[in-house]
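> I'd like to ask some things about the structure below.
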Amino acid sequence: TQTLTIAVAGNPNSGKTTLFNALTGLRHHVGNWPGVTVEKKEGRYRDPKSGREVLLVDLPGIYGLGAYAEDERVARDYIVGERPDALINVVDATNLERNLFLTVQLLELTPRVVLALNMWDEVEARGMKIRTDLLSERLGVLAVPTVATKKQGLDTLMEVALDVAARSVREPLRIDYGPEVEEALERLVPLLERASELAAKYPLRWLAVKYLEGDEYLAREVEDKLPREALAEVRAIRAHLRERLGEDPEVVIADRRYAFIERILCDVVERPQEAETLTFS
Ligand code: GDP
Ligand code: K
Ligand code: MG
């Protein structure tokens, strides 16, 4: 059987390195991603049940999957190009508002994700209540509480990650971007599909969203690979959308992502003062 590859992604300071080291022990080595100076760390994990070896890859700490930061491009190129069997998204569970902004972007790209709700000791110490089942349901992926510094939850986390790796693929997360953007996406996707290279490499809705966001790297690739007539149409769709919205589609798309996260957190997270209000009102 082939070695499984599981990548670890998350915001800086979410506990990625602590979790990675806890899983791999000393069996890891550090290098660089091709062409850039961003550090690449790989290690081995052995599944205690099957004895199977898993290659773990620690991706750079990032806040999103945009085009402007080199480490964000490294992460997304890796996910698109290497297609890891599963992705562990380490989040600081005390700060879901910020951390989920990366999570939803990962989920729009691939459904092969498990969330590590790390810093769970802090969640408990602060008296926060997080409804993990509801969070999982809304995002469509499992969420496992972990305390990386104490190696808590890591067995369960890896069990779920191995299960994700073995499962057949579902659809990535779909955020509703509102009628104007959705209409543009509906017209864009079939046009992008005409370039078979793009269709083979990217989830096309994701690529279409990125194109509307004005992602210059992906736009260049789209413009390289699309037939000329399709390219003119694709450009016209984006120009028309900007006109309809009266602002950059990028802004509307980011707003919708934040709103999506806010709606989820409103139901999923109960803060201590809210708990008191409920008790004493
Ligand atoms: P990275 O930037 O994502 O690689 O994060 P690190 O692994 O370097 O961790 C950042 C800080 O958080 C370090 O001081 C860790 O010891 C601490 N940390 C990591 N995981 C946990 C956890 O589950 N609970 C608590 N309380 N601290 C943690
Ligand atoms: K750090
Ligand atoms: Mg680190």
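Bear in mind these aren't lab numbers, they're just calculated from the coordinates by the rules spelled out. Bear in mind that the values here come from a model prediction, so they are computed numbers and not experimental data. Here the Cβ is made from the backbone with ideal geometry for all residues, glycine too, and neighbour counts use every protein chain on show.
> So if we plug the beta-carbon distance of R235 and E124 into 1/(1 + (r/R0)^6) with R0 = 41 Å, what FRET efficiency do we get, rounded to 0.05?
Efficiency, from the Cβ-Cβ distance: 0.20.
> Okay, next question. Assuming R0 = 25 Å, can you tell me the calculated FRET efficiency for the pair K201 and E250, based on Cβ-Cβ distance, to the nearest 0.05?
Calculated transfer efficiency: 0.65.
> What is the calculated FRET efficiency for E183 to D267, with r their C-beta to C-beta distance and R₀ = 25 Å, to the nearest 0.05?
0.30
> Over the Cα atoms, compute the radius of gyration (one decimal) and Dmax (the largest Cα-Cα distance, rounded to a whole number) for the chain, in Å.
When restricted to the Cα atoms of the chain, Rg and Dmax are 19.9, 66 Å.
> Are there any chymotrypsin sites (Phe, Trp or Tyr not before Pro) in region 1-86 that are in a DSSP loop and have at most 14 other Cβ atoms within 10 Å? List them by number.
Y68
> Something else: Give me the tail of P(r) for region 15-145 as a percent: Cα-Cα pairs with distance above 23 Å.
Of all Cα-Cα pairs in region 15-145, 36 percent lie more than 23 Å apart.
> May I pose another question? Could you work out the relative contact order of the chain, using alpha carbon pairs under 8 angstrom and six or more residues apart, expressed as a whole percent?
This gives 18 percent for the chain.
> Within the chain, count lysine pairs with alpha carbon atoms under 15 angstrom apart where the residues are 8 or more positions apart or belong to different chains.
Summing the qualifying lysine pairs gives 6.
> Run the numbers on region 19-170 and let me know its relative contact order in percent, using alpha-carbon pairs under 8 Å that are six or more apart.
18 percent
> Still on this structure, please answer the following. How long is the gain from H29 to Y68 if the chain were fully straight, where each residue apart is worth 0.36 nm and the alpha carbon distance is subtracted?
11.3 nm is the gain from fully extending H29 to Y68.
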